Amino acid sequence: MAEQLRLMAVHAHPDDESSKGAATTAKYVAEGVDVLVVTCTGGERGSVLNPKLDRPEVWANIAEIRRAEMDAARAILGVEQAWLGFVDSGLPEGDPLPPLPEGCFALQDVAVAAGPLVRLMREFRPHVVTTYDEEGGYPHPDHIMCHKVSVAAFEAAGDAERYPELGEPWQPLKLYYDIGFSKGKILALHEAILATGAESPYAEWLTRWDDRPDKGPRITTRVECAEYFTVRDDALRAHATQVDPDGFWFQVPMDLQQRAWPTEDFELVRSLVDSPLPESDLFAGVRATSHAR
Ligand SMILES: [Zn+2]
């Protein structure tokens, strides 16, 4: 019998696991893969984005509320979840940008901050790890730090000489970056909406696209997961303080999303197995070898 497959998805804040690659994790759970979401910070400095919950008693208990929201989202996605315990850096705004708050995740030494993740990789023993690209997917300091510690831990976890006090070495076989937004995807959604005669919420986004590089050409792996988009949205709504249920993300009709772009997309950046690209499965090349491990 083949060994149980395991996927680790490393995220910066509670709610990121429900907006980035969420349908992919729900799909693998449904297929019997063990999925562990790792949340680097407690999301203590997130804003309250749901006007109905922007109330003093919510702000007073935000850390506790975000933990409860994460529990609800975890149950909806069917994943296991672990906190790394770092403190949210917040998204600095202003010109010049204010300094990051003392002690926050983004100010930690990468080699030190990677330690708890190395320990988790050695305990959970994932075959596949997903994280953000070098720009964090979007440039929040915690997302960039999440990228750095994920790469550092992926490279150290299998090395017996690194972090010897943090458990038996375990080398994950593949590392992916989540590519949430490619120009092709936004354009496909935009055109599908226009074809229905409705107004597209992506129009303004597309006019601003020239300022930023298109990550579409970096995609190596497209995971078909349209039937889990509803699970993704349910999990995202469970982070009730963080999403406006009447907002942008929920305006696009589900059947249109499922038709126009039925995949979540990733870039394979490290692989210790043979898997011809492009792929449609994060475990391509792993399924054949994992029985031996
Ligand atoms: Zn985040």
Report task. Treat each spin label as a single point 7 Å out from the Cα along the C-beta direction, and report the E102 to R270 distance in nm. Result -> 3.4
Report summary line: Of every Cα-Cα pair in region 235-293, the percentage lying beyond 17 Å is 62
Query raised in the report: When a footprinting reagent is the concern and you count Cβ atoms within 10 Å, what order do S47, S19 take, fewest first?
Result: S47, S19
Report task. For the chain, build the charge dipole from Cβ charges (+1 Lys, Arg; -1 Asp, Glu) around the Cα centre, then report which of C40, P245, V223 sits farthest towards its positive end. Result -> V223
Query raised in the report: For region 206-257, what D do you get in µm² per second when you plug the Kirkwood radius from alpha-carbon pairs into Stokes-Einstein at 20 °C and 1.002 mPa s?
Result: 157
**Report entry** Listed residues T24, T196, T39, most fluctuating in the chain (Gaussian network, C-alpha, under 10 Å)
**Finding:** T196
Query - Ascending count of other beta-carbon atoms within 10 Å, so fewest first, for F283, F250 - result: F250, F283
Query raised in the report: In sequence order, what are the phi-derived ³J(HN,Hα) couplings for region 123-132 according to the Karplus relation 6.51 cos²θ - 1.76 cosθ + 1.60 with θ = phi - 60°, rounded to whole Hz, with x for glycine and proline?
Result: 7, 7, 6, x, 7, 10, 10, 10, 8, 9
Query - Of A198, A26, A113, the one that fluctuates the most in a GNM where the chain has Cα springs shorter than 10 Å - result: A198
Report summary line: To the nearest 20 debye, the chain has a Cα-centred charge dipole, built from +1 on Lys and Arg Cβ and -1 on Asp and Glu Cβ, of 540
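Do you know the relative contact order of region 48-163, to the nearest whole percent, from alpha carbon pairs under 8 angstrom that are 6+ apart?
21
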Requested in this report: Post the alpha-carbon centroid distance, region 139-159 to region 74-123, in whole angstrom.
Outcome: 10
Query raised in the report: Over the chain, what is the mean sequence separation of C-alpha contacts under 8 Å (at least six apart), divided by residue count, expressed as relative contact order in percent?
Result: 25
Query raised in the report: Could you give the Stokes-Einstein D for region 27-136 in µm² per second, using the C-alpha Kirkwood radius, 10 °C, 1.306 mPa s?
Result: 98
**Report entry** Cα-based convex hull volume of the chain per residue, rounded to whole Å³
**Finding:** 140
Report task. Would you mind telling me the antiparallel percentage of the DSSP bridges in the chain, rounded to 5? Result -> 30
**Report entry** Count of Lys pairs (Cα-Cα under 24 Å; at least 8 positions apart or interchain) in the chain
**Finding:** 13
Requested in this report: Please tell me the relative contact order of region 101-230 in percent, rounded to the nearest whole number, where contacts are Cα pairs under 8 Å and at least six residues apart.
Outcome: 23
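I'd like the projected area of region 152-283, averaged over all directions, using the convex hull of its alpha carbons. Report it in nm² with one decimal. Could the numbers behind the result be given before it?
On the way: hull surface 44.5 nm².
So the Cα hull casts an average projection of 11.1 nm².
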Query raised in the report: Which value does Rg/Rh take for region 1-54 over its C-alpha atoms, Rh per Kirkwood?
Result: 1.12
Query raised in the report: Anyone know which of R218, R67, R208 comes out most mobile in the 10 Å Cα GNM of the chain?
Result: R208
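For N61 and E93, calculate 0.36 nm times their separation in residues minus their Cα-Cα distance, and state this gained length in nm to one decimal.
Values: separation 32, 0.36 × 32 = 11.52 nm, distance 2.33 nm.
Value of the extension gain: 9.2 nm.
Each value in this text was obtained by applying a stated rule to the coordinates, not by laboratory testing. Source: prediction; values computed, not measured. Note: ideal-geometry Cβ built from the backbone for every residue, glycine included; neighbour counts use all protein chains shown.
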